[in-house]
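**Q** Just passing along the structure, written as C-alpha cells.
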Amino acid sequence: MKKFFYSKKIAPYVFICPFVITVLLFWLVPIGNGVLLSFQDVLKEQWVGFDNYSRLLTDTIFLKALWNSFKYMVGTLLLLIPFPLLFASLLNSKLMKKADIFKSIYFIPALTSVVVAGTIFRLMYGEASTSLFNQVLGYFGIGPIKWLKGAGTSFFALLLLACWRWTGVNILYFLAGLQSIPSELYEAASIDGASKWQQFKKISMPLVKPTTVYVLTISIYAGLSMFIESSMLFKGNNSPNNIGLTIVGYLYRQGVEKRALGYACAVGFILLFVVMAVNIVQLKITGTFEEGRE
C-alpha cells in the first residue's frame, strides 16, 4: 500500500481524487439530475419533454423577471466598473494619503451580511416621513415617496444597495491590476510630457484590461443571478407587481414555494444559457478569445 501511494505515477491521481470526487458529486450529478427534472412535471410524475421550456416563452411573469435581471445587470455594469476603476486609480496615486485606511473603509460593506444590509436599507427606504431618504427629500420640500412600490424608485434602491456592497470589492480587483503595472512606464510617460489623464488612458486602461474582463465576467453573472438583495429589500419574494422579481427569485418561487421542481429546473437552465451567452459575447467583443490563442 505504501509503494502504491508513493508511486510517482499513482500519486498525482491520488492528490486530485478529492477534487474529482467533489466535482462529480456536487456539480455533474446535480446538473444531470436537473436536466432530467427539467423535462418532467414532478408534481404529476409525468415526462413532458420540452413543455416546461415552451411554457417559459409565454410566461409573462418569467419574462418580466428576465427583464428585471437584465436591467439590473446593465445598471450594475455601468456603475460598478468605471467608478471602482477611477477610485482604484486615485488610491494607487502617490497623491493619495492614508490609502490603506480608505481601502479598509471601502471593503467593510462586503464583510457585512447581505441580510443585515438589506434589512437596514429597507428601513432607510420606508414609506414613513421619518425614514432616512424621505427625510432627505423633506429638506428639499418634497413629500414622502413609497420607494419600494414604484418600478423606478425600487430599481434605484437595488442599484444603490449593490453599489454600497460591491464597490469596495471591485476597487481591490482593479487596485491589484494597477499595482502590477511597472512604475517605469508612468515615469517614462511623465518625462515625455504626458498628463495624468493621458497616462491613465494610454497606460492604465490597456494594461488593466485582463482585470476589467474578469470583473465584467463576474459582474454579469452576479447581476443576472441576484436574489437575496431583492428578497431582503422587499421583505420576501413577492414585490408589488413583481417589480423586484429576478430570475433566481422566480426559480425559488416555482421550485420551493410551489414545488414545481421540473419547471424550476427549466428556469435554472435558461439562466445558465443566458449567462453563458452574454459572457461569450462580451469575451468575443473584448478580444479575450483571440488573446488566448496567441
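The values are calculated or read from the model by the stated rules, or taken from the named source; none is laboratory data. Computed from a predicted structure; not experimentally measured. A quick note on method: Cβ atoms are made from the backbone with ideal geometry, for glycine too, and the neighbour counts reach across all protein chains shown. Quick note on the areas: whole protein, heavy atoms, side chains included, nothing else; ligands and nucleic acids left out. Shrake-Rupley method; radii C 1.70, N 1.55, O 1.52, S 1.80 Å.
**Q** For the chain, report the accessible area per residue in Å² (1.4 Å probe, heavy atoms, rounded to an integer).
**A** So the chain comes to 61 Å² accessible per residue, rounded to a whole number.
**Q** Still on this structure: Taking only the alpha carbons of region 57-100, what extent do you get along each of the three principal axes, in Å, biggest first?
**A** That gives 56, 15, 9 Å along the principal axes, largest extent first.
**Q** Kindly provide the helix-only [θ] at 222 nm of the chain, computed as the sum of -39,500 (n - 2.57) over DSSP H runs of four or more divided by all residues, to the nearest 500 deg cm²/dmol?
**A** After summing the helix terms and dividing by the residues of the chain, the value is -21000 deg cm²/dmol.
**Q** Then there's this: Heads up, I need the accessible area for F200: 1.4 angstrom probe, whole protein in place, Å², nearest 10.
**A** Approximately 40 Å² of F200 is accessible to the 1.4 Å probe.
**Q** Treat every Asp and Glu Cβ in the chain as -1 and every Lys and Arg Cβ as +1, leave all other atoms uncharged, and give the resulting dipole magnitude about the Cα centre to the nearest 20 debye.
**A** Here the chain has a charge dipole of around 460 debye.
**Q** Turning to a different aspect of this structure: Looking only at Cα atoms, what is the convex hull volume of region 133-258 per residue, in Å³?
**A** 146
**Q** Taking the C-alpha atoms of region 45-142, how large are the radius of gyration and the largest Cα-Cα span, Dmax, in Å?
**A** Both quantities, over Cα of region 45-142: 21.5, 67 Å.
**Q** Same structure again: Can you pull a Stokes-Einstein diffusion coefficient for region 209-294 at 25 °C (0.890 mPa s), Rh from Kirkwood over Cα pairs, as a whole number of µm²/s?
**A** Value of D from the Cα-based Kirkwood radius: 169 µm²/s.
**Q** While we're here: Would you mind counting up the charge near N241? Only other residues with Cβ under 12 Å from its Cβ, with Lys and Arg at +1 and Asp and Glu at -1.
**A** The answer is +2.
**Q** While we're on this one: Got a number for carbon plus sulfur as a percent of region 74-150's accessible area, 1.4 Å probe?
**A** Using a 1.4 Å probe with all protein chains present, region 74-150 comes out at 73 percent carbon and sulfur.
**Q** Hey, which aspartates and glutamates would be in cross-link range of K209, C-alpha to C-alpha under 15 Å, not counting anything within fewer than 8 residues on its own chain?
**A** Within the straight-line limit of under 15 Å, K209 reaches these aspartates and glutamates: E290, E291.
**Q** Here's a follow-up. Please enumerate, by chain and number, the aspartates and glutamates with C-alpha under 13 Å from the C-alpha of K196, excluding those fewer than 8 residues away in the same chain.
**A** Cα-Cα hits under 13 Å: E187.
**Q** Taking the full set of protein chains and a 1.4 angstrom probe, give the accessible area of R55 in square angstrom, rounded to the nearest 10.
**A** So the heavy atoms of R55 present about 120 Å² to solvent.
**Q** Hey, what does the equivalent ellipsoid look like for the chain, semi-axes from the Cα gyration tensor as sqrt of 5 times each eigenvalue, largest first, whole Å?
**A** 37, 34, 19
**Q** From Cα pairs below 8 angstrom and at least 6 apart in sequence, can you work out the relative contact order of the chain, rounded to a whole percent?
**A** About 27 percent, as a whole number.
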